[in-house]
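Working notes for the structure below.
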Amino acid sequence: MRLQPKFWNKKNFLSNTLLPLSFIYYLINFLYKNFTKSEKSNLPIICVGNITVGGSGKTPIVKALGKICKSMNKNPAILLRGYGGNSSGPLKVNNKTHTTLEVGDEAILHSTNFKTWISKNRYQGAREIERELDIDVIIMDDGLQNKSLEKDLKIIVFDGNKGAGNKRLLPAGPLREPFNKGVTNADVCIILGDDKTDLKTFFSLWHPKIKLLKAKIIPNSIIVKSLLHKKIIAFAGIGMPEKFFSTLKKLNLELIQTVNFPDHKKYKIKEINYLLNLADKKNALLVTTEKDIKRIHPLNVTNFKKIVSLPIDIEFENEAEVRDVLEKIFNEFNKKF
């Protein structure tokens, strides 16, 4: 995926011009949803996704929910498509033998904390996970629009700064599905950061009963401390690289330059060497995201240690509410079986 176009944030002439293509996109998705059968897993399925393209923050949300599940004595497995990798799965991810070229960056990240599977067909992936007798719940990273697998809890994530953009379908806007349908189809909404586009008002109109949760990004304090009083060149190939750069600025770090790459960028050695030479010339450090560092690692870059990745965690405004939601799902599922 390329960098997100600026016109996705507002309705203008270019966005209007692309509306006929958005209508075609809508028809294709309408046919898919109405002619695809959903299968049921023997494990509860929690799906964390979005209705916008890239960058909402669902991957760290999945990690946070997985940790909360563990604290509730539930052993979670992570299931995702493996976007950016060349394997269609179902495949259990081993971060010691698999690379991002095979399974994608998100799968490698999750596999450092949880048992993780990739599968283009989510139902087939769930069936593989069911073979593991110690798994209590499956958490899907993305897949709200995927119909192959029924979900017991559907969580929609929005970046508070961007919201739903101009609220138009691809390619006229950033939406994967109509805003009202996407929202009413979800059980829980998590807003990551300040709600600057007033999503809460839209929820009250389209889905007043949706559970609204708030969360924020917490950068790793040890890494942040090591970056203080140093010149930094930041680069990122994620859905919204400006979100990462903004985080660095809010930490009062000396950010002297930023470099954008497309989402899920497959780096080449010459690109990384260019960045390393640039950092040397400006007597600066290279700083990037956890996802990007996983994609760089397979290149065996000579000066790999000169690139610093900044891990992040998620802190919920009210974690007790999150636990209540999860506990309710576990109880309801146990009643069915």
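Among the residues of the range 199-222, what is the count of those that are open to solvent by 40 Å² or more (accessible area, probe 1.4 Å) and either more than 29 Å from residue 83 (Cβ to Cβ) or part of a helix (DSSP H, G or I) (or both)?
Within the range 199-222, residues that are open to solvent by 40 Å² or more (accessible area, probe 1.4 Å) and either more than 29 Å from residue 83 (Cβ to Cβ) or part of a helix (DSSP H, G or I) (or both) number 10.
Would you pick out the residues in the range 228-255 that are of a type outside the set (Lys, Arg), outside any helix (DSSP H, G or I) and either in contact with a helix residue (DSSP H, G or I) (Cβ under 6 Å, 6 or more places away or on another chain) or surrounded by 15 or more Cβ atoms within 10 Å (Cβ to Cβ) (or both)?
232, 233, 234, 235, 236, 237, 238, 239, 240, 251, 253, 255
Please enumerate the residues belonging to the range 308-323 that are more than 20 Å from the chain's Cα centre (by Cα) and either in a helix (DSSP H, G or I) or over 22 Å from residue 113 (Cβ atoms) (or both).
If the condition is that a residue be more than 20 Å from the chain's Cα centre (by Cα) and either in a helix (DSSP H, G or I) or over 22 Å from residue 113 (Cβ atoms) (or both), then 318, 320, 321, 323 are the ones that fit.
Between residues in the range 153-181 that are under 18 Å from residue 215 (Cα atoms) and residues that are open to solvent by less than 30 Å² (accessible area, probe 1.4 Å) and among the aromatic types (Phe, Trp, Tyr), which pairs lie under 6 Å by C-beta distance while being six or more apart or on different chains?
164/179
Assess whether residue 335 counts as being among the charged types (D, E, K, R) and either in contact with a Cys (Cβ under 9 Å, 6 or more places away or on another chain) or not in a helix (DSSP H, G or I) (or both).
no
If the requirement is being in contact with a Lys or Arg (Cβ under 9 Å, 6 or more places away or on another chain), farther than 21 Å from residue 150 by Cα and open to solvent by 50 Å² or more (accessible area, probe 1.4 Å), which of these qualifies: 94, 113, 73, 86?
Being in contact with a Lys or Arg (Cβ under 9 Å, 6 or more places away or on another chain), farther than 21 Å from residue 150 by Cα and open to solvent by 50 Å² or more (accessible area, probe 1.4 Å) holds for just one of 94, 113, 73, 86, which is 113.
Please pick out the residue among 24, 45, 28 that is over 20 Å from residue 135 (Cα atoms), modelled with pLDDT of 95 or more and not basic (Lys, Arg).
So the residue among 24, 45, 28 that is over 20 Å from residue 135 (Cα atoms), modelled with pLDDT of 95 or more and not basic (Lys, Arg) is 24.
Looking only at the range 254-299, count how many residues are among the hydrophobic types (A, V, I, L, M, F, W, C) and over 25 Å from the mean Cα position of the chain (by Cα).
Total meeting the criteria: 8.
Tell me yes or no: at least one residue of the range 98-105 is of a type in the set (A, V, I, L, M), in a loop (DSSP other than H, G, I, E, B) and either buried (at least 24 other Cβ atoms within 10 Å of the Cβ) or out of contact with any strand residue (DSSP E or B) (no Cβ under 9 Å at 6 or more places or on another chain) (or both).
no
Hey, does the range 58-65 have a residue that's more than 30 Å from residue 160 (Cβ to Cβ) and either without any contact (Cβ under 8 Å) to a residue 40 or more places away in the chain or within 23 Å of the chain's Cα centre (by Cα) (or both)?
No, the conditions are met nowhere in the range 58-65.
Residues of the range 246-275 being touching a residue at least 12 places away in the same chain (Cβ under 8 Å), acidic (Asp, Glu) and out of contact with any strand residue (DSSP E or B) (no Cβ under 6 Å at 6 or more places or on another chain), which ones?
Within the range 246-275, just 263 meets the criteria.
The values are calculated or read from the model by the stated rules, or taken from the named source; none is laboratory data. Bear in mind the structure is a predicted one, so any value in this text is a computation, not a measurement. With ideal geometry, Cβ positions are generated from the backbone for all residues, glycine too; neighbour counts draw on all protein chains shown. These accessible areas exclude ligands, DNA and RNA; they are computed on the full protein's heavy atoms, side chains included. Shrake-Rupley method; radii C 1.70, N 1.55, O 1.52, S 1.80 Å.
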